[in-house]
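What follows is calculated from the coordinates using simple rules that are stated; it is not laboratory data. This structure is a prediction, so every number in the text was calculated from the model and none was measured. In this analysis, Cβ positions are derived from the backbone assuming ideal geometry, glycine residues included, and neighbour counts consider all displayed protein chains.
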Amino acid sequence: MLFAFIETLISVVVGYFFIEFVLRMIKPDENSETQQLLDEFDEAIVLCEVEQIQDVFYLYNAQDKNFIGQARTSNEITAIGERIQKHLMVVDGEEDAVNNLKGMLGEVRS
């Protein structure tokens, strides 16, 4: 179930960037419904960069590099998302850290 959730989130992010690219090409009006949807999406998800030191994962906002939180377990990662009231999406980080986090969350490694 967690793998499906993460897979869905990845699809949403890819879709988001595609939509944003297309919208930038046609330069939508700031008050348009599409712009409002993009703003809501921005408010719902934090794109994260992950770093691992020993058994602790450190999450940073990938856009502004601000520290979001640290976690050792999937429950602690869930708690971070609940605390900031946003979905966390890992989009960058050291390869080993990302793979270890995927393994901890039960995602199939590629």
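Residue by residue, what Karplus-based ³J(HN,Hα) values in Hz, rounded to whole numbers, does segment 63-74 have, using 6.51, -1.76 and 1.60 with θ = phi - 60° and x for Gly and Pro?
After applying 6.51 cos²θ - 1.76 cosθ + 1.60, I find 8, 10, 6, 6, 5, 9, x, 10, 7, 10, 10, 5 Hz.
Considering only DSSP states other than H, G, I, E and B, which GluC sites (Glu not before Pro) in segment 11-102 qualify as loop sites with at most 11 other Cβ atoms within 10 Å?
Sparse-neighbourhood loop GluC sites (Glu not before Pro): Glu30.
Using amide H atoms built in the peptide plane, which far-off residues or other-chain residues are under 5 Å from Ala62 H to H?
Hits under the 5 Å cutoff: Leu47, Cys48, Glu49.
What FRET efficiency comes out for the pair Val12/Gln54, r = Cβ-Cβ distance, R0 = 22 Å, nearest 0.05?
E(calc), rounded to 0.05, equals 0.10.
For Gly69, what residues show an amide H to amide H distance below 5 Å, using hydrogens built from the backbone and excluding near sequence neighbours?
Here the answer is Leu59, since their amide H atoms fall under 5 Å of that of Gly69.
Taking θ = phi - 60°, what integer Hz values does the Karplus form 6.51 cos²θ - 1.76 cosθ + 1.60 yield along segment 36-47, in sequence order, with x for Gly and Pro?
4, 5, 5, 5, 5, 4, 4, 6, 9, 10, 10, 7
Report, by chain and number, residues whose modeled amide H sits under 5 Å from the one on Gly93, excluding near sequence neighbours (fewer than 5 apart, same chain).
Excluding prolines and chain starts, which carry no amide H, the hits are Val50.
What value in Å³ per residue do you get for the convex hull of the alpha-carbon atoms in segment 2-105?
Spelled out: Cα convex hull of segment 2-105, divided by residues, is 106 Å³.
Work out from phi, with θ = phi - 60° and the Karplus expression 6.51 cos²θ - 1.76 cosθ + 1.60, the ³J(HN,Hα) of each residue of segment 82-97, listed in order in whole Hz, and give x for Gly and Pro.
5, 5, 8, 6, 9, 7, 9, 10, 7, 10, 7, x, 4, 4, 4, 5
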